[in-house]
Amino acid sequence: MGTGMKAFGAVALAMGLACHAFAADPVRIGMITTLSGPGGYLGEEVRDGFQLAIDQEAGKLGGVPVAVEVEDDGLKPGAAKDIAQRMLDGEHIKLMTGIIFSNVAGAVVPDILDAGAFYVSPNAAPSSFAGKDCNKNYFVVAWQNDALHEAAGQYAENLGYKKMFILAPNYQAGKDALGGFKRTYKGEIAGEIYTKLDQSDFAPELAQIRDAKPDAVFQFEPGGLGITFLKQYVQAGLMATIPMVVSSPSMDARTLGAVGDAALGVQVASHWNSDFDNPANRQFVAAYEAKFHRTPTYYAAMGYDTARLIGSALQATGGDVGRADAFRAALRKADFPSVRGSFRFGANQHPIEDWFALKVVKGADGKPILQTVGTIYKDRGDAYAAECKL
Amino acid sequence: MLLAEQILNGAEFGIMLFLLAAGLTLVFGIMGLINLAHGSLYMIGAFAAAWAGNATGSFLAALLAGMAAAAVIGMAVEAAVLRRLYARDHLDQVVATFGLILFFNEAATLLFGRQPLFAPMPPWLAGSVELLPGVPYPAYRLAIIAVGLLVALALYLLVAQTRLGMLIRAGNSDREMVRALGVDIGLIYTLVFGLGALLAGLAGVMAGPLFSVQVGMGEQVLILTFVVIIIGGIGSVRGAFVGALLVGMVDTLTRAFLPGLLKTMLSTSDADAVGSGVSSMAVYLLMAAILLWRPRGLFPSHG
């Protein structure tokens, strides 16, 4: 509500000052994201990053007034479907974004596309929408889900690890993670474990890791699971002898705050980091820290990039989302300075981007930070783009 | 070697469950109250300890803050909300205490935000001890086992040897008769509830450096805690102790060894799928088997 009022105020101001032909109504954007439960901070970051871009333009994106309606899906696909239905049918919103979790996206995105609306994803990118079922109105700003684990596999390869122990929770994203990792990692798999999604004690797995004596461990335990796993990994004395490689969802600025020094030495494959030295990123990180008093995570960075991408297309079309062909062509150009530096869309409208090697080190103030230490891939797309006929 | 380590892991997990289950089983057995919000008290203990630990840097302060916060909030909730529920049926209790879960989760979100908190580990327990050659075991986990055994002993002495314990046992057997004899049963209820909350808070404090301190952490362990008290027999602290160790052992050992065992019989991918499936069911199979054999649990209390 507060966001809506603020945007409304900005719009009123814009109309008074500029009196553009299109300034009659703000472009309305529906954001369905996860704001409650243990995964709630992820949606919070996306929302804040997105809102920052709007605030920087005083209520506009690409010079066009916008009004964002934010709704919490509570990580429930059914609830998200209801919200989408209301936004599409009841309010005739033509542009949606925000979904964090792939199982929610799987339920909601087809409804949005069937209604002829656009969906621009800041995070979730399941393989089901990246291959032959890609859609002309579906864009993903962050990545394709498999790509981040493929980058981690390549990172382990680059680091010269011959024998990896890999583990992930027993659900679709966990299986995709290990599958993606194995697609690019060519060495020996010393052990592969699927853990429970509600697991709180990892001691049995840690004992098996110690017993298997791998060169390194790859784990995809997102959110609280990852924090628990890392703490127990360090306490078991394993960090000193068996290094760890993870993909970015297992290690962001918030995770780091909760794990503390235990995370030192963890090696992360990511497409973005707060220390990237390009003008767009420097001003984004500075503005975000000034406004929210915390280091942005990649979720916030992707929320910001999503808003700026939408802004670039609104600018090109004068804010008329109804001219779908023109709006789509403008989105496809990705004519905005991404905080990642290099960024463009591939044939399936998923990113072609660079992947980087990060490492957790002690920062200047003694607190652990993520530091970029190298490049894993240049201009990499995803494994499904070839199947997409657009 | 691996087996010895996994047995220790099972014992440690069981002890953790026991701390939660002891309070829950007393409250359930003596007051007849199903308290779904028991996990919230565990969360309160963990949050208060993490907050105090970060503010002061002292583990002792964290321990005291966690236990005190859980006990005080527990007793306040008992007096303000739960007292009205004793006479009502279990469904009302479930609905009301589920409401309390939502309340505490939202309150924790408002106070601490959505991101998990950092909980410092006491430096003197950060290392590991080599119990058997070549198997370093984290000192902190050994400390949890030690604390849990001490609590079990103290609870046994309290229930079996003291006047309060006698009243607790009496209340467990026949609530109305105790009241008729002129005992202030309301006070005993509040004390027992506070004790249960204190133990849940203690579990939360100890869980902090080990698990992720976050909103909703209580619900993750709540179901297993209920399994423990049902296996052990509702109302019995001894049952909670044995049940918790059984659940901890079965859960840990099936997770550790079942997939490997199945691999000698099935192909690797089948063994992984079946193994992880069966090991997540193992605890519930155990409960079903025990209930078939002893429908009121291992150590049913009289009533």
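FYI, it's all coordinate maths here, none of it is from the lab. The structure presented is a predicted model; accordingly, all values stated were derived computationally and were not measured. Neighbour counts are summed over all protein chains in view; Cβ atoms, including those assigned to glycine, are modelled from backbone coordinates with ideal geometry.
Report the local net charge at B:L41: Lys and Arg +1, Asp and Glu -1, summed over other residues whose C-beta lies under 13 Å from its C-beta.
Numbers: positive: none; negative: B:E78, B:E219.
After counting each charged neighbour, the total is -2.
Compactness ratio of region A:249-390: Cα Rg over 2.2 N^0.38 Å, N = residue count?
Details: Rg = 17.1 Å, N = 142, 2.2 N^0.38 = 14.5 Å.
Taking N as the residue count of region A:249-390, the ratio is 1.18.
Counting Lys and Arg as +1 and Asp and Glu as -1, what is the net charge of the other residues whose Cβ lies under 14 Å from the Cβ of B:S276? Intermediate values should be presented prior to the final figure.
Values: positive: A:K175, A:K196, B:R255, B:K263; negative: A:E192, A:D198, A:E205, B:D251, B:D270, B:D272.
Counting the neighbours of B:S276, the net charge comes to -2.
Do you know the relative contact order of region B:2-214, to the nearest whole percent, from alpha carbon pairs under 8 angstrom that are 6+ apart? If you can, show how the numbers build up before the last one.
On the way: 269 pairs, mean separation 90.4, N = 213.
Computed over region B:2-214, the figure is 42 percent.
When all C-alpha to C-alpha distances in chain A are sorted into bins of 20 Å, what percent of pairs does each bin hold, rounded to whole numbers?
Spelled out bin by bin, chain A gives 29, 57, 14, 1 percent.
Compare the Cα positions of B:A62, B:G182, B:A52 along the charge dipole of region B:2-214 (+1 at Cβ of Lys, Arg; -1 at Cβ of Asp, Glu; about the Cα centre) and return the one farthest towards the positive end.
Most positive-ward Cα: B:G182.
With θ taken as phi - 60° and the coefficients 6.51, -1.76 and 1.60, list the Karplus ³J(HN,Hα) couplings across region A:310-320 in order, rounded to whole Hz; mark glycine and proline as x.
4, x, 5, 6, 5, 4, 5, 9, x, x, 9
I'd like the Karplus ³J(HN,Hα) series for region A:253-262: coefficients 6.51, -1.76, 1.60, θ = phi - 60°, whole numbers in Hz, and an x wherever there's a Gly or Pro.
For region A:253-262, the Karplus curve yields 4, 6, 4, 4, x, 7, 8, x, 4, 4 Hz.
By a straight-distance test (C-alpha under 21 Å), which lysines pair with A:K186 as possible cross-link partners, with residues fewer than eight away in the same chain excluded?
Straight-distance partners of A:K186: A:K162, A:K163, A:K175, A:K213, A:K378.
Roughly how many whole Å is it from the C-alpha centroid of region B:59-97 to that of region B:160-205?
14 Å
DSSP beta bridges in the protein assembly as shown, what fraction antiparallel, as a percent rounded to 5?
Details: 24 of 56 bridges.
Of all bridge pairs located within the protein assembly as shown, approximately 45 percent are antiparallel.
Using helices alone, I'd like the mean residue ellipticity at 222 nm for chain A: each DSSP H run of four-plus residues gives -39500 (n - 2.57), total over residue count, nearest 500. Provide the component values of the computation, followed by the final result.
Values: 12 runs with 157 residues, N = 390.
Value at 222 nm, helices only, nearest 500: -13000 deg cm²/dmol.
If you build the Cα gyration tensor of the protein assembly as shown and take the root of 5 times each eigenvalue, what three semi-axes come out, in whole angstrom, biggest first?
On the way: eigenvalues 444, 187, 101 Å².
Ellipsoid half-lengths, sorted descending, are 47, 31, 22 Å.
What percent of all Cα-Cα pairs in region B:88-224 falls into each 10 Å bin, going from 0 up to the bin containing the maximum distance?
9, 26, 30, 24, 10, 1, 0
Using only the alpha carbons of region B:2-214, determine the length spanned along each of the three principal axes and report them from longest to shortest in whole angstroms.
60, 41, 29
Using the charge dipole of the protein assembly as shown (Lys, Arg: +1 at Cβ; Asp, Glu: -1 at Cβ; taken about the Cα centre), state which of B:L210, B:F118, A:G37 has its Cα farthest towards the positive end.
B:L210
Placing one identical point scatterer on every Cα of region A:119-249 and ignoring solvent, what is log10 I(q)/I(0) from the Debye formula at q = 0.09, 0.14, 0.20 Å⁻¹?
Taking Cα atoms of region A:119-249 as identical point scatterers yields -0.27, -0.63, -1.13.
With both bridge residues required to lie in chain A, what share of the DSSP beta bridges run antiparallel, to the nearest 5%?
Numbers: 19 of 51 bridges.
Counting DSSP beta bridges with both partners in chain A, the antiparallel share is about 35 percent.
What is the dipole size for the protein assembly as shown, taken about its Cα centre, with +1 at each Lys and Arg Cβ and -1 at each Asp and Glu Cβ, in debye to the nearest 20?
With only Lys, Arg, Asp and Glu charged at Cβ, the dipole is about 580 debye.
Give me a single rounded figure for B:118-128: the average over its residues of other chain Cβ atoms within 10 Å of their Cβ. Working shown, then result.
Values: counts 9, 4, 2, 6, 0, 0, 0, 1, 3, 2, 3.
The per-residue average across the peptide is 3.
Just to be sure I follow the rule: in region A:41-147, considering lysines 8 or more places apart or on different chains, how many pairs have Cα atoms under 24 Å apart?
For region A:41-147, qualifying lysine pairs total 7.
Restricting to Cα pairs below 8 Å that are 6+ residues apart, what does the relative contact order work out to for chain A? Please round to a whole percent. Mind showing how you got there, number by number?
Details: 818 pairs, mean separation 70.3, N = 390.
Averaging sequence separation for qualifying contacts and normalising by length gives 18 percent for chain A.
Name the residue farthest towards the positive end of the dipole of the protein assembly as shown from the options A:S102, A:M244, A:G116, assuming +1 on Cβ of Lys and Arg, -1 on Cβ of Asp and Glu, about the Cα centre.
A:M244
For A:V373, list long-range residues whose amide hydrogen, built 1.01 Å from N in the peptide plane, is under 5 Å from its own amide hydrogen.
So A:V373 has HN proximity to A:A357, A:L358, A:K359.
Divide, for region B:1-86, the radius of gyration over alpha carbons by 2.2 N^0.38 Å, where N is the residue count. Kindly include the intermediate steps, with their values, before the conclusion.
Working: Rg = 16.0 Å, N = 86, 2.2 N^0.38 = 12.0 Å.
Dividing the Cα radius of gyration by 2.2 N^0.38 Å gives 1.34.
Quote the charge dipole size of region B:2-214 about the Cα centre in Debye, to the nearest 20; the model charges only the Cβ of Lys and Arg (+1) and of Asp and Glu (-1). Before the final figure, lay out the partial values.
Working: 9 positive and 10 negative charges, 61 e Å.
Rounded to the nearest 20 debye, it is 300 debye.
Using only helices, what value at 222 nm comes out for chain B when you add -39,500 (n - 2.57) per DSSP H run of length 4 or more and divide by the total residues, to the nearest 500 deg cm²/dmol? Spell out each step's value before the answer.
Working: 11 runs with 226 residues, N = 303.
Mean residue ellipticity, 222 nm, calculated: -26000 deg cm²/dmol.
Work through the residues other than B:R255 whose Cβ is under 10 Å from its Cβ and net out their charges, Lys, Arg +1 and Asp, Glu -1. Write down the numbers at each step before the final one.
Details: positive: A:K196; negative: A:D201, A:E205, B:D251.
Here the charged neighbours net out to -2.
Using a simple charge model, +1 on the beta-carbon of Lys and Arg, -1 on the beta-carbon of Asp and Glu, nothing else, what dipole does chain A show about its Cα centre, in debye to the nearest 20? Please list the in-between numbers first.
Working: 37 positive and 43 negative charges, 118 e Å.
Value, rounded to 20: 560 debye.
Rounding to the nearest 10 and keeping the result within 0 to 90°, find how far the Cα-based axis of helix A:324-333 lies from the longest principal axis of chain A.
40 degrees
Averaged over peptide A:202-213, how many Cβ atoms belonging to another chain are found within 10 Å of each residue's Cβ? Don't skip to the answer; put the middle values down first.
Details: counts 4, 14, 14, 3, 3, 12, 8, 0, 6, 6, 0, 0.
If you average over the peptide's residues, the count of other-chain Cβ atoms is 6.
Taking amide H positions as placed in the peptide plane 1.01 Å from N, state which residues far from A:T34 in sequence (5 or more) or on other chains have amide H under 5 Å from it.
A:G43, A:D73, A:I100
For region A:195-204, in order, what is each residue's ³J(HN,Hα) by Karplus, 6.51 cos²θ - 1.76 cosθ + 1.60 with θ = phi - 60°, in whole Hz (x at glycine and Pro)?
Going residue by residue, I get 8, 7, 6, 10, 6, 10, 10, 9, 3, x Hz, with x marking Gly and Pro.
Averaging sequence separations of C-alpha pairs under 8 Å and six or more residues apart, then dividing by the length of region A:245-390, give the relative contact order as a whole percent. If you can, show how the numbers build up before the last one.
Numbers: 228 pairs, mean separation 39.7, N = 146.
RCO, region A:245-390: 27 percent.
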